[in-house]
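Written below as structure tokens is the structure these notes are about.
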Amino acid sequence: MIELAKRELIQIGLSQEGDVVDGTVVRQKKAYPVYDDDYARHVATVRQELDTRYPNLHLVGRNGMHKYNNQDHAMMTAMLCVENILADAKLYDLWQVNADAEYHEQGDEVSDEKSGSGLRLVPTRVDREPELASET
């Protein structure tokens, strides 16, 4: 698994031969977020630690964020994450996608708000070439 990952990183241009010096595969059966009384506190602790120590680590989707997201919300976190990476800035707070956790149709009540619980957006094709962040 590690050798496959190394080859694919080289193939897509994210690393060169010798960049990856070690790796570990952890297989966890049926890993899924556990919502107990301490869930929010535990997730907040992990988020704070990751934000502090690894500010360029981007968590997206159901498993990456350790929270339940519908498929469209998982895709939206990925798309907004790409926007953050390309801008080299935190334009969007991915943790606010689906923050209200209501799973019924909202009709046409969609907000363009970039942060807050209004991120109930539908992914659309990006037809423009994004400006790449400067390499400084």
Of these, L94, L57, which one is touching a helix residue (DSSP H, G or I) at 6+ places or on another chain (Cβ under 8 Å) and surrounded by fewer than 14 Cβ atoms within 10 Å (Cβ to Cβ)? L57
So D19 fits all but one of (1) farther than 17 Å from A99 by Cβ; (2) within 15 Å of the chain's Cα centre (by Cα); (3) at pLDDT 90 or above; what number is the exception? (2)
Being at pLDDT below 60 and in contact with a Lys or Arg (Cβ under 7 Å, 6 or more places away or on another chain) is the filter; apply it to the stretch 66-110 and report the residue that is nearest to D51 (Cα to Cα). V110
If we keep just the residues of the stretch 5-56 that are assigned to a helix (DSSP H, G or I) and among the basic types (K, R), which is nearest to L91 (Cα to Cα)? R47
Checked the stretch 45-97 for anything farther than 24 Å from R27 by Cα, touching a residue at least 12 places away in the same chain (Cβ under 8 Å) and polar (S, T, N, Q); matches are T77, N84, Q96
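The values are calculated or read from the model by the stated rules, or taken from the named source; none is laboratory data. Quick caveat, the model's predicted, so the values are computed rather than measured. A quick note on method: Cβ atoms are made from the backbone with ideal geometry, for glycine too, and the neighbour counts reach across all protein chains shown.
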